[in-house]
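Notes to accompany the following structure.
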Amino acid sequence: MGAEFQLDCKGLKCPQPVIRIKKHMSKMESGDLLSVVCTDPLAMIDVPHFVATANHQLLSKATEGGEYRFVIQKG
């Protein structure tokens, strides 16, 4: 397993969370994990779509108290 990173995208509206995730992941190595927290409800659609089209793996997604949390493994 690789390194683990965290990214706070709270308060950002679509498409900013995905843009930030993409930029952050470009600096990561294959197998690294990125934990992301967002507050935009569209993230529940946009983030999984980005992960699938970029050949990464979505390990988990959850909704908790108005926050949307994702764990992504870089492909």
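The values are calculated or read from the model by the stated rules, or taken from the named source; none is laboratory data. Just so you know, these numbers come straight off a predicted model, no measurement behind them. Note: ideal-geometry Cβ built from the backbone for every residue, glycine included; neighbour counts use all protein chains shown. Surface areas here come from the heavy atoms of the whole protein model, side chains and all, with no ligands, DNA or RNA. Shrake-Rupley method; radii C 1.70, N 1.55, O 1.52, S 1.80 Å.
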Can you pull out the residues in region 1-11 that are of a type outside the set (Phe, Trp, Tyr), surrounded by fewer than 17 Cβ atoms within 10 Å (Cβ to Cβ) and closer than 22 Å to Thr63 by Cα? Glu4, Gln6, Asp8, Lys10, Gly11
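With the condition kept exactly as written, say whether any residue in region 28-40 is among the hydrophobic types (A, V, I, L, M, F, W, C) and over 13 Å from Leu7 (Cα atoms). Please lay out each step first, then the result.
Applying the first criterion (among the hydrophobic types (A, V, I, L, M, F, W, C)) to region 28-40 yields 28, 33-34, 36-38.
With over 13 Å from Leu7 (Cα atoms) added as a condition, the list becomes none.
No, there is no match, as no residue in region 28-40 is among the hydrophobic types (A, V, I, L, M, F, W, C) and over 13 Å from Leu7 (Cα atoms).
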Taking region 55-75 as the search range and keeping residues that are polar (S, T, N, Q) and free of Cβ contacts under 8 Å to residues at least 24 places away in the same chain, which one is least open to solvent (accessible area, probe 1.4 Å)? Ser60
Picking from Gly2, Gly11, the residue that is part of a loop (DSSP other than H, G, I, E, B) and at pLDDT below 95 would be Gly2
If I filter region 7-24 for residues that are in contact with a Ser or Thr (Cβ under 6 Å, 6 or more places away or on another chain), farther than 12 Å from Phe70 by Cα and in contact (Cβ under 8 Å) with a residue 40 or more places away in the chain, do I get at least one hit? yes
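Going through region 12-54 one residue at a time, which ones are open to solvent by 60 Å² or more (accessible area, probe 1.4 Å) and either polar (S, T, N, Q) or at positive phi (or both)? Give the derivation first.
Taking region 12-54 and keeping what is open to solvent by 60 Å² or more (accessible area, probe 1.4 Å), we get 13-16, 19-20, 22-23, 26-27, 29-30, 41-42, 45, 49, 52-53.
Passing the criteria: Gln16, Ser26, Ser30, Thr53.
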